[in-house]
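Beneath this line is the structure, given in structure tokens, with notes to follow.
Just so you know, all these numbers are worked out from the coordinates, no wet-lab data involved. Everything numeric in this text was worked out from a predicted model, so none of it was measured. Cβ coordinates were reconstructed from backbone atoms using ideal geometry, including for glycine residues, and neighbour counts include every protein chain displayed.
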Amino acid sequence: MATAKIGFYGHVRQYHNLKKEIDTAFFEVMESGAYVLGAKVKQFEQELAAFCNLKEAVGVNSGTDALWLAFLALGIGPGDEVITTSNTFFATAEAIWLVGATPVFVDCDPKTCNIDVNLIEAAISSQTKAIVPVHLYGQPANMPEVRKIAKAHNLFVIEDCAQALGARGDGFAVGELSDAVCTSFIIQKNLGCFGDGGAVITDHADMAQQIRKLRNHGSLKRSCHSIGYNSRLDEIHAAILSVKLKQLDQWSDRRRTIAKSYDEGLAGTSLKLPYAVPGYRHVYHLYVVETEERDALQAFLDSRGITALTHYPIAIHQQEGYPWGHPARISGSLEHTERSAARVLSLPMYPELTDEEVGAVIEAIRAWELTRTTKANAA
Ligand SMILES: Cc1ncc(COP(=O)(O)O)c(C=O)c1O
């Protein structure tokens, strides 16, 4: 029986693997005397834009703010509807509510768990302003279809890429078929800083400039202001993100290798395994399996020292008090979203996991399968 603890995150391991470079970057900032909107943020923004093959990146203080400020920059506000999915982290919809707009939820595709593009047109109304596909678990949504619908109805597209930096679709890159890409650098993301951070990446120079202004009290020039906010990416985070960005493709490759091991090791079990769309580069922010007996499996793994978590066990429209006096609309049924919420379990997934640990997770799940079969036979 596995006795070693297998945690859900590898943050400290990652830090130790890059300690020299990260410490150097950290102390450089400390000695520079420039801690807010200095050279490190500028440098990281350039590197991030180049990584995404887009012209501009603007660092802000979270993924939530990236979405919120992108919506503001596009003039989305009260009376406007924004189509998205309820099968996502809460912040996707929260940012829509923050600008006073109405999230319109459509169901997810049961295979990929991303927005079901076949349901988008039916959700469009005369108020619809934008579509926000979420690249859930690290796999891009069907962007060519989203783009086609958006073009036909003159809608903005903002990609929620908090979980999928470094991913690609079949013949398209993230950011290629939208107005902007919003991402998060909270520590647990594939590219994470030691705290909170986020960015908007776009080809639109005017949008980038507007977000630069909004993130800094409506100011692009000292002492000249309009209404804005304080949502800046810190120099320390930017310096560390520059170090880590160089590793991102390699880390994504390792995530994909681990996913392959899970796929092979868990094939033939009762679990629904993640579906990777052929030709897509899924970067497995999360490796999410589904089972009716999710809680029992989670408890069994925990008893073996393995931490598995749930993303997301309560869909946004199922949260207590929803929608808290704010406007919201559900288009059609959200049956696949609700089914997924009741069944999902995320297995440990980070580049620093060892092959032995991956093997131990597989072995534990196979042992759980045996207990199920034994119980079923005895009944
Ligand atoms: C899909 C998605 N959207 C938005 C966010 C919000 O990012 P942050 O936590 O940096 O505000 C997150 C992550 O936390 C996320 O996973």
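Details
- Sites D355 and D302, calculated FRET efficiency, Cβ-Cβ separation with R0 22 Å, nearest 0.05: 0.50
- Point-to-point label distance, Q247-R366, nm (Cα→Cβ direction, 7 Å offset): 3.1 nm
- Per-peptide average of other Cβ atoms within 10 Å, ordering 207-218, 44-55, 311-322 highest first: 207-218, 44-55, 311-322
- Top of G305, G325, G38 by mean-square fluctuation, Gaussian network on the chain, Cα under 10 Å: G325
- Computed from the C-beta positions of N154 and N118, the FRET efficiency with R₀ = 25 Å rounds to 0.80.
- In the chain, the DSSP-assigned H stretches of four residues or longer account for a calculated mean residue ellipticity at 222 nm of -12500 deg cm²/dmol, using -39500 (n - 2.57) per stretch and the full residue count as denominator.
- The mean of 1/r over all distinct Cα pairs in region 1-101, once inverted, gives the Kirkwood hydrodynamic radius of 17.3 Å.
- Packing-based exposure ordering (other Cβ within 10 Å, fewest first) of S242, S125: S125, S242
- Cα→Cβ-extended label distance, 7 Å offset, between H217 and Y9, nm: 3.2 nm
- Legend: P(r) of region 74-178 from all alpha carbon pair distances, 10 Å bins from 0, whole percents, reading 16, 52, 29, 2.
- Once C-alpha pairs closer than 8 Å and six or more residues apart are averaged by separation and normalised to the residue number of the chain, the relative contact order reads 24 percent.
- Taking other C-beta atoms within 10 Å as the exposure proxy, Y287, Y350, Y229 rank Y229, Y350, Y287 from fewest upward.
- The ranking of K5, K148 from fewest to most other beta carbons within 10 Å of each one's beta carbon is K5, K148.
- Value of Rg/Rh across region 293-355 [Cα atoms, Kirkwood radius]: 1.12
- E320-E145 FRET efficiency (beta carbon distance; Förster radius 35 Å; 0.05 resolution): 0.55
- Cα-based helix-to-principal-axis angle, 143-153 vs the chain, degrees rounded to 10: 50 degrees
- On full extension, the segment bounded by I187 and D206 gains 3.9 nm, given 0.36 nm per residue less the C-alpha separation.
- Base-10 log of normalised Debye intensity for region 256-370 (one unit scatterer per alpha-carbon) at q = 0.15, 0.21, 0.24 Å⁻¹: -0.72, -1.18, -1.44
- Dipole axis of region 217-312 (+1 Lys, Arg; -1 Asp, Glu on Cβ), positive-most option in L266, H237, V283: H237
- Note on the chain: Cα-only Rg and Dmax are 21.1, 76 Å.
- For the pair A342 and A34, label points projected 7 Å from Cα toward Cβ lie 5.6 nm apart.
- Available extension along the chain between E47 and A173 is 43.7 nm, counting 0.36 nm per residue and deducting the alpha carbon span.
- Summing Cβ point charges (Lys, Arg +1; Asp, Glu -1) relative to the Cα centre of the chain gives a dipole of roughly 460 debye.
- If the segment from C224 to Q127 were pulled out straight at 0.36 nm per residue, it would be longer than the present Cα-Cα gap by 31.5 nm.
- Packing, taken as the mean count of other beta carbons within 10 Å per residue, orders the peptides 176-187, 251-262 from highest to lowest as 176-187, 251-262.
- Options G359, T310, N377, ranked by Cα towards positive dipole end of region 301-377, top entry (Cβ charges): N377
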